[in-house]
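Everything on this sheet refers to the single structure shown next.
The values are calculated or read from the model by the stated rules, or taken from the named source; none is laboratory data. These numbers were taken from a predicted model, which means no experiment stands behind them. No Cβ is skipped: glycine too gets one built from the backbone with ideal geometry, and neighbour counts run over all protein chains shown.
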Amino acid sequence: MTSRIVETTSGPVDGVDDGGVARWLGIPYAAAPVGARRWCAPVSPTPWTEPRPATAYGAAAPQVASPLIAMSPGVGFDEDCLTLNVWASSSIGPGDARPVLFWVHGGAYVFGSSAQTVYDGRALAASGQVVLVTVNYRLGALGFLDLSAWDPEADANPALRDLLLALAWVRDNIAGFGGDPSQVTLWGESAGGGLVSTLLAVPSAAGLAHRAIVHSSPATSVYGSARARSVAERLFEAAGLETGDVAGLRALPADRLVELGMLVLRDVPTADPGTLAFAPVVDGDLLREHPVAAIRAGRGHPIPLLIGTNRDEASMFKHMSSPLMPIDADAIERMFAAIAAEHPDLTLPDRAQVMSAYSGLRPSAIGMGIAGDIGFRMPTIWLAEGQARVAPVHLYRFDWATPMLTLLGIGATHATELPYVFGNLDGGPKDITFRLGGRHRGSRIADRMQARWLAYAVDGDPNAPGLPEWPAYAPEARATLVIDAADRIVDDLDRQRREAWGEAVVSFD
């Protein structure tokens, strides 16, 4: 192991190089958002002069520990969480100008960290084709609560502002690590994908990213100021405070805000199925209009987009009995009633149209199919259609499931593609993914996915040597890459469902 010191705009950082891959972990890109800076836009950290150790991940954003999220050893939770990590091949140095992958983790806007073991950047960095950056941002009530109606010092969308500052850090510093600030691919999954697709419609993000990759984005789960205000009111009530008592919220410890946020997180989708408590807000300032509406109208940033979903997105949520997705018939019916009440001018598909689109499924699977399409697949298609008007788009669906995941009935569920694209198939002793086999085939799928994603980061084209051609998405053919034991291209893969849904929930805010 050798030391690798790089100068940044805040001061020198001292990483470690093992002879194959160099890494700089836990680099602060912002000051701690604490005290009076809670719910405010982040600011740059206080500069330092001596080399700062960058050999351990920074703290994860405050959250409830989840058995489903494997963190690297020693990582705790703290409000002082605005750090990022840089990974690069040992062969890369200043001036080499490799394209940059900028990873935004998922976790329903309330969980996760760049320190999750599945996001270890070694495999991608070892290719020598890219420099990888993984980032933390504020979560839950601390990252998405909009208090600007009561406090002029508070900023809406703190988490989005975190990512903008982190991208500015990359622009100003990544050349010292061997990266090219003019070739940044913004990349995220689930909530991270939602943040990436939202940033495509944020005017101040212009020029900070030059390509985008979006996995399983809940793109329609972006809400207007009225709904954001109602979430804040719920949190004030849960805290036993008068509505608008922002000083009272600032006086609470972070773990108490996490606890209150989880109460609201469960309450909101229970009362209003299909709605998240914490998500980006159309605040009229940073985010001026709903991202799906902007992108469908061709008003998003005109950069290439690689986007897709997994075949069985909703099965994990049913398996966990999560309230975050409306899977049972009653919740789906109540969600449709709420949409109709809020948007009387919106034409919704009738029950017969919807059921016809899912006629090939078992009755028990229809709810999961509807939930996955409402939450992920249809918004993804709408984004692909809109962005294809201004830039090249490539659409995929991840269908591969190991024998064990198939036996458990969760299949190619939400987030199961991540170990393959990061090249981290060994999930530790508790990971049962390959207990019944499939490891060899999984390794080949990982190789193909990494080859395509890396090729895309290099020049915006995911076609890699030796792999089947992946045509760009266009309204005529609607080509989709289906990622399975063997890759294949299918035109208009979800035609029946796409036609049944139409534009039913594009305006659901």
(request) Could you check V135 against (1) surrounded by fewer than 24 Cβ atoms within 10 Å (Cβ to Cβ); (2) of a type in the set (A, V, I, L, M); (3) within 21 Å of Q183 (Cβ to Cβ) and say which number it fails? (result) (1)
(message) Return the residues of the range 386-425 that are closer than 20 Å to A472 by Cα, crowded, with 21+ Cβ neighbours inside 10 Å and in contact with an Asp or Glu (Cβ under 7 Å, 6 or more places away or on another chain); say none if nothing qualifies.
(response) F398
(request) Can you tell me which residue within the range 369-401, out of those that are aliphatic (A, V, I, L, M) and not in a helix (DSSP H, G or I), is farthest from D487 (Cα to Cα)? (result) V390
(message) Looking at the range 152-179, I want the residues that are in contact (Cβ under 8 Å) with a residue 40 or more places away in the chain and farther than 16 Å from L142 by Cβ and have a partner that is among the hydroxyl-bearing types (S, T, Y) and assigned to a helix (DSSP H, G or I) with Cβ atoms under 9 Å, at least 6 apart or on another chain. Which pairs are those?
(response) L164/S204
(message) Restricting to the range 1-27, and then to whatever is of a type in the set (V, I, T) and not in a strand (DSSP E or B), can you tell me which residue is surrounded by the fewest Cβ atoms within 10 Å (Cβ to Cβ)?
(response) T9
(message) Based on this model, can you work out whether W39 counts as among the hydrophobic types (A, V, I, L, M, F, W, C), buried (at least 16 other Cβ atoms within 10 Å of the Cβ) and at positive phi?
(response) yes
(request) Determine if the range 135-144 includes at least one residue that is under 20 Å from the mean Cα position of the chain (by Cα), in contact (Cβ under 8 Å) with a residue 40 or more places away in the chain and more than 25 Å from S230 (Cβ to Cβ). (result) yes
(message) Considering only the range 472-479, I want to know if a residue exists there that is surrounded by 17 or more Cβ atoms within 10 Å (Cβ to Cβ), closer than 26 Å to A371 by Cα, in contact with a Ser or Thr (Cβ under 9 Å, 6 or more places away or on another chain) and not hydrophobic (A, V, I, L, M, F, W, C).
(response) yes
(message) Scan the range 168-179 and tell me whether some residue there is among the charged types (D, E, K, R), modelled with pLDDT of 95 or more, assigned to a helix (DSSP H, G or I) and buried (at least 24 other Cβ atoms within 10 Å of the Cβ).
(response) no
(message) Looking at A30, A88, A123 in this structure, which one is at pLDDT 95 or above, surrounded by 16 or more Cβ atoms within 10 Å (Cβ to Cβ), touching a helix residue (DSSP H, G or I) at 6+ places or on another chain (Cβ under 8 Å) and assigned to a loop (DSSP other than H, G, I, E, B)?
(response) A30
